[in-house]
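Everything below concerns the one structure shown next.
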Amino acid sequence: MKMKKHLILSMLLLGFAGMLEAENVQRTLPDVVEGVRDEVISLNGEWQFQYAPGEKWERVTVPGELAMQGYGIEHDKPVLYKKTILVPADYRGKQVILRFDGVYSYARLWVNGKQAAEHAGGFTRWETDITSLIRIGKKNEIRLEVTDRLNDISYASGYAHHPIGGILRGVSLYALPESNMRDFFVETLLDDAYQDADLRIVYSMSASAKVSFTLKEKKSGRVCLESGVLACQQGDNEHRFRISRPELWDAEHPNLYVLQVNVQSADGGYSFEREIGFRKIEVKGDRMLVNGKQVKLRGACRHDIHPTLGRTSTPELDSLDAALFKRANMNFVRTSHYPPTESFLKYCDREGIYVECETAVCFVDTYRQKNYAPGKSQDDPEATAQYLGQLEEMVATSRSHASVLFWSIGNESVYGKNFQLSYDWLKNEDKTRPVIFSYPGLVEKGKTAFDLLSMHYPGCDGTLSQFNVSTRGFQGEGKPALFDEWAHVPCYTYTTLQDDPNIRGFWAISLDKMWSNLFKAPGGLGGAIWCYSDETFMLPVPKKGTSYWIEFAYTKKPKDFNGNCVGYGEWGIVDVWRREKPEFWGTKKAYSPVRVLKTQVGDVTRNTPILLPVFNRFDHTNLNELTAKATYKGQTFDVTLPDLNPHDKGVLSVPAQAWENGNSFLLEFFDAEGRLIDAEEIAIGNPVRPEYLNASGNLKLMVEDTDGYLKLKGKGFEIPFNKSTGLMENVTSHGEIVIRKGPFLNLDLNVNHLTGAEVRDKAQNYIVADKDWKKKDFRYALKGSECHVFLSGNYLGVDLELQMTVEADGTVTFNYQTQGEPNGWLREAGLKFYLTDNFAELEWKRDGYWSYYPEDNFAGNAGQTPLYNKKKVEYGEDPQQPWNMDTYNYYYFSDKGAICQRPLTNKAKGMKENIYEYQLKTADNHLLTVLSREGSLGCRMNKMSDDQLILYVNNRWDYPEIAWGDYCKELEVTPVSGLIKIRL
């Protein structure tokens, strides 16, 4: 292509030495080649591998990281692959091409002992014509030398906290006639009315030939274009065809067409197909339009990560990821921080997901670990070839995909000449898409290097200043503002994630606030959660080399957390096995394109419709394109949705039923494919609060006062108070000990409020210690069927007064207040109880943030879970169970998996906020219940290293350590007081 020639010429004129020898062209894999049975042969699978010269050859899997297969490769030290292949006899007379879709990071190729090519850049496709080097019909040997370069501009090994070197993506061998197309791509150029389009087809021919094109609708098979036979010349070719009123492609209507291409020449013919979508991308002022309508991008950033092979992907994972994005109500993916496989783009085309396609340039002169080169390549002329070369390869692979909405020329880097050259080349080569760059505030004054404003980690109000660029209310600088990293999933709050995984559910409030506020901002383009999947690599102990990366792989992760599992952490809404975590449902709800604005209605009249205000947050979909169903008292019926345009608010009418106040109904929305978009539980009338009646009646409370203990006995229970401490000890229910001791004050606070962009050090905090408890006063008074126990004391200067009321039916009320506590930002304030380890199950009812949760949710409005799971998932194994049921964690708890011998499940351990009832059951169905008529308590459990089970009951709680601009309540500690009620 002309642009490609200009690029090569400019590089030569600038004096770049050692040009890469891999062909600077890309071809399209054929579907049919005349006279050839297997036109494309996958070389994925088993290869031979040599760790060092002279060592024996061993077997490895391709694609896949070497370190993940037990080879502690070193930076800047070559390793060697080889594979013997049989080239079919029917490849004779054809051009034979060897394609690598991604080799990290520098590769040299030999075929039958002769050097064929070299290539730099770990995530882009490159291929080599090996026709002259092979023996047709015989076995041939491929050797590939791979070096994981320390100073690679992608910084991908530093990013993964271990060397990822190896063949990371697929390898294939294929045959074509000598006359074949190179650098084929299509553009769909819609007219100003977004009705008719020019289909632009561009390619280069290795020799003159005849071509024909057929365009069909993918769903119906209807033919829209038959070009007939056209002559094409050697070199550059271009065709334009007028297509009348094509079905347009957008993320909500991924209408695809199949373009069939047939090439005929004297040396044979071949054909291939491409799926294409007709759409037009425009930037007008501070808005981005697709097909003339403003779009709002709700998405996440995505890394390639395979649970056992590391920084790689498979077509199966590509397909699953696209489906999970859609299921989570996301319409956008940022392919951080390198281009995706073409397979993933194919599934984004089909599912309807917009893509920010990012080149493999990351942390240039910014955040690289000290053991890596500082990466000051932004102005280095010796690096220009790689900047532009891999950029060109990315564009050649990706540009025909309708899902690719815009290009990114680099992540969080210092601007320089190589970024400017990248932007200029893109704007000259592809005039159909805008370009983004972070950090835009570092671009030299007077230069243009981006069309969209990239900002990372705003607060929930959209206010952010970053390197000389600012946004207010998610708008700024007169360009569409994209927060292509926002709502960072909490992954550096190490202690919290061990003790209380509910921080993951709490996080969803941040996303809900951010998305709701951005949607109202005219210049707000959208946001991308950091991140879609966890970034954890379960590395085996090396069988060759050493795991030297352990020394630097943990950033500020405490030493006692260290194990073989490395990476940035569990920052995904799914884990590496693609299991949905608590953040997944929060994402689906926050990003829902249908928002019912009222989930509780006042008193209603029987047999009349219920009217609900609704917000259509789709970009291209009228609400009446969906279907909706309601379920009331076990009966399900259809709900007709109103004619409501995108971005508008309206009213939907739920058909009349025999409504009764105090009940509720489930309202569900489905897309055209029958997939659930959202669901709400609509409460009718005033909420029915649970009544916790005093069941003491004529029951008597027995009091036994001895020198050492005060013992209170009622129906089926006994509470001994140790007079020396004033605390309960060995509380029994039906003869079974349920509480070992308590209550202790639970007071956890941050003295400083660390909520910056990235916080890995624990905030300066103060936690009241049980060992510091000193009793001052202990007395009691018996009044009928109740006993009032008064206790006072202190914890190193924090005074506590506690009034306990014990009723004959086993109800115990604790009313407490403190004085002298340090002020700051509250983490938790309440009481805690040491329990026996004979509890087996937890049930709860609560007032959750969302009106509806699925039945198996981590912390739904009602739920139950066993406390324990006997299955211990070994390191690196497929868990084959829901994330909620995990008990062992190999990132936060090191390689031994947990901090105790019998850990709780995630679901049992995480705090349940705003509970009405929190009920623990023993194997014999003896109960310990926390009660709150107002739904004002938060309860959680944890295990200590000695397997002691502790129950925390909090009146107030927050997650001030959540950081990254995410939401927290910002509660001041003072005053500390509250009322807690339990029943034995």
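The values are calculated or read from the model by the stated rules, or taken from the named source; none is laboratory data. Since this is a predicted model, take the numbers as computed values, not measurements. Using ideal geometry, Cβ is built from the backbone for each residue, glycine included, and neighbour counts are taken over all protein chains shown.
In the range 653-675, what residues are in contact with a helix residue (DSSP H, G or I) (Cβ under 8 Å, 6 or more places away or on another chain) and aliphatic (A, V, I, L, M)?
Answer for the range 653-675, where residues must be in contact with a helix residue (DSSP H, G or I) (Cβ under 8 Å, 6 or more places away or on another chain) and aliphatic (A, V, I, L, M): just 672.
Hey, does the range 815-831 have a residue that's without any contact (Cβ under 8 Å) to a residue 24 or more places away in the chain and under 30 Å from residue 667 (Cβ atoms)?
no
Considering only residues of the range 596-624 that are in contact with an Asp or Glu (Cβ under 8 Å, 6 or more places away or on another chain) and either among the charged types (D, E, K, R) or part of a loop (DSSP other than H, G, I, E, B) (or both), which is surrounded by the fewest Cβ atoms within 10 Å (Cβ to Cβ)?
Out of the qualifying residues, it is 606.
Being in contact with a His (Cβ under 9 Å, 6 or more places away or on another chain) and either surrounded by fewer than 20 Cβ atoms within 10 Å (Cβ to Cβ) or in a loop (DSSP other than H, G, I, E, B) (or both) narrows it down to one of 65, 46, so name that one.
Going through 65, 46 in turn, just one is in contact with a His (Cβ under 9 Å, 6 or more places away or on another chain) and either surrounded by fewer than 20 Cβ atoms within 10 Å (Cβ to Cβ) or in a loop (DSSP other than H, G, I, E, B) (or both): 65.
Just name the residue that is farthest from residue 238 (Cα to Cα) out of those in the range 165-215 that are part of a strand (DSSP E or B), over 36 Å from the mean Cα position of the chain (by Cα) and hydroxyl-bearing (Ser, Thr, Tyr).
For the range 165-215, the residue satisfying everything is 214.
Any idea how many residues of the range 806-840 are under 30 Å from residue 700 (Cα atoms) and either part of a strand (DSSP E or B) or β-branched (Val, Ile, Thr) (or both)?
17
Can you tell me which residue within the range 76-99, out of those that are of a type in the set (Val, Ile, Thr) and buried (at least 18 other Cβ atoms within 10 Å of the Cβ), is farthest from residue 180 (Cα to Cα)?
Filtering first and then ranking leaves 79.
Look through the range 545-557, keep the residues that are modelled with pLDDT under 65 and surrounded by 13 or more Cβ atoms within 10 Å (Cβ to Cβ), and return whichever of them is farthest from residue 371 (Cα to Cα).
Result: 557.
Within the range 862-881, is there a residue that is buried (at least 21 other Cβ atoms within 10 Å of the Cβ), free of Cβ contacts under 8 Å to residues at least 40 places away in the same chain and in contact with a Pro (Cβ under 7 Å, 6 or more places away or on another chain)?
Looking for residues that are buried (at least 21 other Cβ atoms within 10 Å of the Cβ), free of Cβ contacts under 8 Å to residues at least 40 places away in the same chain and in contact with a Pro (Cβ under 7 Å, 6 or more places away or on another chain), one finds none in the range 862-881, hence no.
Residue 286: more than 23 Å from residue 399 (Cβ to Cβ) and at pLDDT below 95, yes or no?
No.
Anything in the range 210-233 that is surrounded by 15 or more Cβ atoms within 10 Å (Cβ to Cβ) and acidic (Asp, Glu)? List them, or say none.
Hit for the range 210-233 is 217, nothing else.
Tell me, which residue of the range 440-470 that is surrounded by fewer than 23 Cβ atoms within 10 Å (Cβ to Cβ) and polar (S, T, N, Q) is modelled with the lowest pLDDT?
Restricting to residues being surrounded by fewer than 23 Cβ atoms within 10 Å (Cβ to Cβ) and polar (S, T, N, Q), the top hit is 468.
Mind listing just one residue for me: the one in the range 251-263 that is in contact (Cβ under 8 Å) with a residue 40 or more places away in the chain and in a loop (DSSP other than H, G, I, E, B) and, of those, surrounded by the fewest Cβ atoms within 10 Å (Cβ to Cβ)?
So, considering only residues that are in contact (Cβ under 8 Å) with a residue 40 or more places away in the chain and in a loop (DSSP other than H, G, I, E, B), the one surrounded by the fewest Cβ atoms within 10 Å (Cβ to Cβ) is 252.
What number of residues within the range 569-595 are surrounded by fewer than 22 Cβ atoms within 10 Å (Cβ to Cβ) and assigned to a strand (DSSP E or B)?
1
Based on what the data block shows, is residue 207 surrounded by fewer than 20 Cβ atoms within 10 Å (Cβ to Cβ) and at pLDDT below 95?
yes
So which residues in the range 738-762 are modelled with pLDDT of 80 or more and acidic (Asp, Glu)?
Matches in the range 738-762: 748 only.
Specify the residue that is nearest to the chain's Cα centre (by Cα); the eligible residues are those in the range 314-346 that are farther than 25 Å from residue 364 by Cβ and of a type in the set (D, E, K, R).
321
Just for strands (runs of 3 or more DSSP E) wholly inside the range 272-381: which have at least 2 residues that are crowded, with 24+ Cβ neighbours inside 10 Å and of a type in the set (A, V, I, L, M, F, W, C)?
Because the criterion is at least 2 residues that are crowded, with 24+ Cβ neighbours inside 10 Å and of a type in the set (A, V, I, L, M, F, W, C), the strands (runs of 3 or more DSSP E) in the range 272-381 that meet it are 297-301, 332-334, 354-358.
Within the range 702-721, is even one residue without any contact (Cβ under 8 Å) to a residue 12 or more places away in the chain, crowded, with 19+ Cβ neighbours inside 10 Å and over 23 Å from residue 932 (Cβ atoms)?
Yes, some residue in the range 702-721 is without any contact (Cβ under 8 Å) to a residue 12 or more places away in the chain, crowded, with 19+ Cβ neighbours inside 10 Å and over 23 Å from residue 932 (Cβ atoms).
Would you call residue 430 over 19 Å from the mean Cα position of the chain (by Cα), in contact (Cβ under 8 Å) with a residue 40 or more places away in the chain and in the same structural domain as residue 383 (by TED's automatic domain parsing)?
no
Among the residues that make up the range 227-250, is at least one of them closer than 26 Å to residue 295 by Cα, of a type in the set (Asp, Glu) and without any contact (Cβ under 8 Å) to a residue 40 or more places away in the chain?
Yes.
For residues that are touching a Cys at 6+ places or on another chain (Cβ under 8 Å) and charged (D, E, K, R), scanning just the range 475-533, find the one that is farthest from residue 905 (Cα to Cα).
Residue satisfying both the conditions and the ranking: 484.
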